[in-house]
Amino acid sequence: MTIWARNLDTGAVKWVYQLTPHDEWDYDAINEVILADQEIGGVKRKTAVHFDRNGFAYTLDRTNGELLVAEKYDPAVNWATKVDMDKSSKTYGRPLVVDKYSTEKNGEDTNTQGVCPAALGSKDEQPASFNPETGLFYVPTNHVCMDYEPFRVSYTAGQPYVGATLEMFPAGRVLGDKTDNTGNFIAWDARTGKIVWSDKEQFSVWSGTVTTAGGLAFYGTLEGYLKAVDLKTGKELYKFKTPSGIIGNVITYEHAGKQYVAVLSGVGGWAGIGLAAGLTKGNEGLGAVGNYASLSNYTALGGVLTVFALPN
Amino acid sequence: MRLSLAGALALGVIMSVGTAANAEAPGDPKAVKSVDGKYFDAKGDPTYNVKPDGTVDFYTFSGYRRYHSECHVCHGPNAEGSTYAPALKDSVKRFDYAEFSGIVIGGRENKQAGNDSVMPAFADNKNAMCYLDDIYVYLRARSTEAVGRGRPEKKEDKPAAFSDAETKCMSAK
């Protein structure tokens, strides 16, 4: 739940920032931290940008840990109203938790309903990318909420250790906006903390992304599409259906003077657990199954590297 | 206390290993009496109770939760089995409460042609031991489909006796 800055040579701690103090939702901060030099409020800053599981995107000054921006990168996020940015406040830098969604306040054996994001996070380990030309981040996101019921549990070494049942579902069920997509691919301005554009995806975007100097952002979908969209508008320019859902990272490279784009397909991970493990019921796979139940209508298991050569 | 009862039952296991064929059948799962929100069959073994409107007793609900946190990784969701371990919703039709408890407490190992099939011993895992009856009644409810797949939608309130036993068992050293 914490970002640590350490001296590379000595390992000594430079600064720490805790994202979700006293986590009650399984929002551990395993996501990547991206370094980018950006101008914020007229000042050139060496920043570190992090899209957390908890649904907030953080821009920090990486030289000293100063929190510059912390905003929701999925409008559905509801467990906290905001991150307190008031430096004179006692809760400075902390998320302001909404009681209704506090699984601890509601307590053991109470099903806390409609918490956004789900334990999957608004984004999980699939990495975002930064494009220095547009100055924007291109972020694969989940648009999923959950019911979360904690129960008593005691630790036994070497044994499964799960103290809650979860059910996950499209965020539209909480927002009441009649949408049922569980993902968005977004362009994010980390200087202001705002979504610049957002492309709906039926399923969570669970692939890593890459952008090119040619003005394209690439990502993969759980149904198995590799997509190329315009960096500035998000407009879809190309898609190709690979044999299986994509949870791998899109890469681009040059070989013998030619540029290639490549991606591994092969559905799995938390979002694809239902398909990968043959699960069928809502609460299974820590609640991921219900949410992605229809995935099996769109793709199959697999493991293929698909490589595209760009025209000369 | 349930933990020590469980310890006594472990003895039974050693003798019943490999004798599943002539194991004792469990008897009718119909609940004939209730003590503090916990239901028992005619033999006095714990069982489930589902009301006509689908409300399950709290122990069955608790068993659903514990099964899916302790057992389903091997035995598959909804007690329906996996390529790795048997469907416990069927197993509990073949042998009784004592044998069930014995296997869970003591574990079981089946070595065939280098293909090890291992049911771990749960004797020192409180998350299973303190809820052994709960898991058992959930499995019985699955065995007759009295409880369907997934989370039971309606449940009785948590009985005070449940909370007391839970606190005692989970905090025991």
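Mind checking which strands (runs of 3 or more DSSP E) fall wholly inside segment A:170-228 and carry at least 1 residues that are closer than 19 Å to A:Phe56 by Cβ and more than 16 Å from the chain's Cα centre (by Cα)? In segment A:170-228, the matching strands (runs of 3 or more DSSP E) lie at A:194-201.
The condition (being open to solvent by 30 Å² or more (accessible area, probe 1.4 Å) and in contact with a Lys or Arg (Cβ under 9 Å, 6 or more places away or on another chain)) is satisfied by just one residue among A:Tyr260, A:Tyr225, A:Tyr219, A:Tyr253: A:Tyr225. Scanning segment A:149-166 for residues that are within 7 Å of chain B (Cβ to nearest Cβ) and either open to solvent by 20 Å² or more (accessible area, probe 1.4 Å) or hydroxyl-bearing (Ser, Thr, Tyr) (or both) yields a count of 8. For B:Phe100, state whether it is touching a Ser or Thr at 6+ places or on another chain (Cβ under 8 Å) and more than 9 Å from chain A (Cβ to nearest Cβ). In short, yes. Against the test of being over 19 Å from A:Pro95 (Cα atoms) and either open to solvent by 70 Å² or more (accessible area, probe 1.4 Å) or of a type in the set (Gly, Ala, Ser) (or both), the options A:Gly65, A:Gly55, A:Gly42 yield a single qualifying residue, A:Gly42. When segment B:46-98 is filtered for residues that are part of a helix (DSSP H, G or I), under 11 Å from the mean Cα position of the chain (by Cα) and among the β-branched types (Val, Ile, Thr), the ones remaining, listed by number, are B:Thr60, B:Val92. Could you look through segment B:52-92, keep only residues that are open to solvent by less than 20 Å² (accessible area, probe 1.4 Å) and of a type in the set (S, T, N, Q), and pick out the one that is farthest from the other protein chains (Cβ to nearest Cβ)? Within segment B:52-92, the match that is farthest from the other protein chains (Cβ to nearest Cβ) is B:Ser91.
Within segment B:148-158, the presence of a residue that is open to solvent by 20 Å² or more (accessible area, probe 1.4 Å), touching a helix residue (DSSP H, G or I) at 6+ places or on another chain (Cβ under 9 Å) and farther than 24 Å from A:Asn111 by Cβ is excluded. Just to be sure, is B:Ala121 within 23 Å of A:Val162 (Cβ to Cβ), part of a loop (DSSP other than H, G, I, E, B) and open to solvent by 20 Å² or more (accessible area, probe 1.4 Å)? In short, yes. Looking across B:Val137, B:Val104, one residue alone is in a helix (DSSP H, G or I) and touching a Leu at 6+ places or on another chain (Cβ under 8 Å). It is B:Val104. Any chance segment A:170-190 includes a residue that's within 14 Å of another protein chain (Cβ to nearest Cβ), over 30 Å from A:Lys44 (Cα atoms) and charged (D, E, K, R)? Among the residues of segment A:170-190, not one is within 14 Å of another protein chain (Cβ to nearest Cβ), over 30 Å from A:Lys44 (Cα atoms) and charged (D, E, K, R), which makes the answer no.
Determine, yes or no, whether A:Val69 is away from chain B (no Cβ under 14 Å), at pLDDT 95 or above and part of a loop (DSSP other than H, G, I, E, B). It is false that A:Val69 is away from chain B (no Cβ under 14 Å), at pLDDT 95 or above and part of a loop (DSSP other than H, G, I, E, B).
Residues in segment A:211-224 that are in contact with a Gly (Cβ under 9 Å, 6 or more places away or on another chain) and not hydrophobic (A, V, I, L, M, F, W, C): A:Tyr219, A:Gly220, A:Thr221, A:Glu223, A:Gly224. Taking the listed residues A:Thr182, A:Thr192, A:Thr242, the one that is of a type in the set (S, T, N, Q) and surrounded by fewer than 18 Cβ atoms within 10 Å (Cβ to Cβ) is A:Thr192, with no other qualifying. Return yes when B:Phe95 is modelled with pLDDT under 95, more than 10 Å from chain A (Cβ to nearest Cβ) and farther than 16 Å from B:Val56 by Cα and no when it is not. It is true that B:Phe95 is modelled with pLDDT under 95, more than 10 Å from chain A (Cβ to nearest Cβ) and farther than 16 Å from B:Val56 by Cα. Return the residue satisfying two criteria in turn: it lies in segment B:103-118 and is within 14 Å of chain A (Cβ to nearest Cβ) and in contact with a strand residue (DSSP E or B) (Cβ under 7 Å, 6 or more places away or on another chain), and of such residues it is most open to solvent (accessible area, probe 1.4 Å). Within segment B:103-118, the match that is most open to solvent (accessible area, probe 1.4 Å) is B:Val118. Residue pairs whose Cβ atoms lie under 9 Å apart, separated by 6 or more positions or on different chains, with the first residue in segment B:143-161 and over 15 Å from B:Tyr59 (Cα atoms) and the second hydrophobic (A, V, I, L, M, F, W, C) and open to solvent by less than 30 Å² (accessible area, probe 1.4 Å), are B:Ser143/B:Ala79; B:Ser143/B:Leu88; B:Ser143/B:Val92.
Scanning segment A:72-122 for residues that are open to solvent by 10 Å² or more (accessible area, probe 1.4 Å), in a loop (DSSP other than H, G, I, E, B) and over 22 Å from A:Gly193 (Cα atoms) gives A:Lys90, A:Gly107, A:Glu108, A:Asp109, A:Thr110, A:Asn111.
The values are calculated or read from the model by the stated rules, or taken from the named source; none is laboratory data. On a predicted model such as this, the values are computed, not experimentally measured, just so you know. For neighbour counting, all protein chains shown are included, and Cβ atoms are generated from backbone atoms with ideal geometry for every residue, glycine included. To get the accessible areas, we keep the full protein, side chains included, count just its heavy atoms, and leave off ligands, DNA and RNA. Shrake-Rupley method; radii C 1.70, N 1.55, O 1.52, S 1.80 Å.
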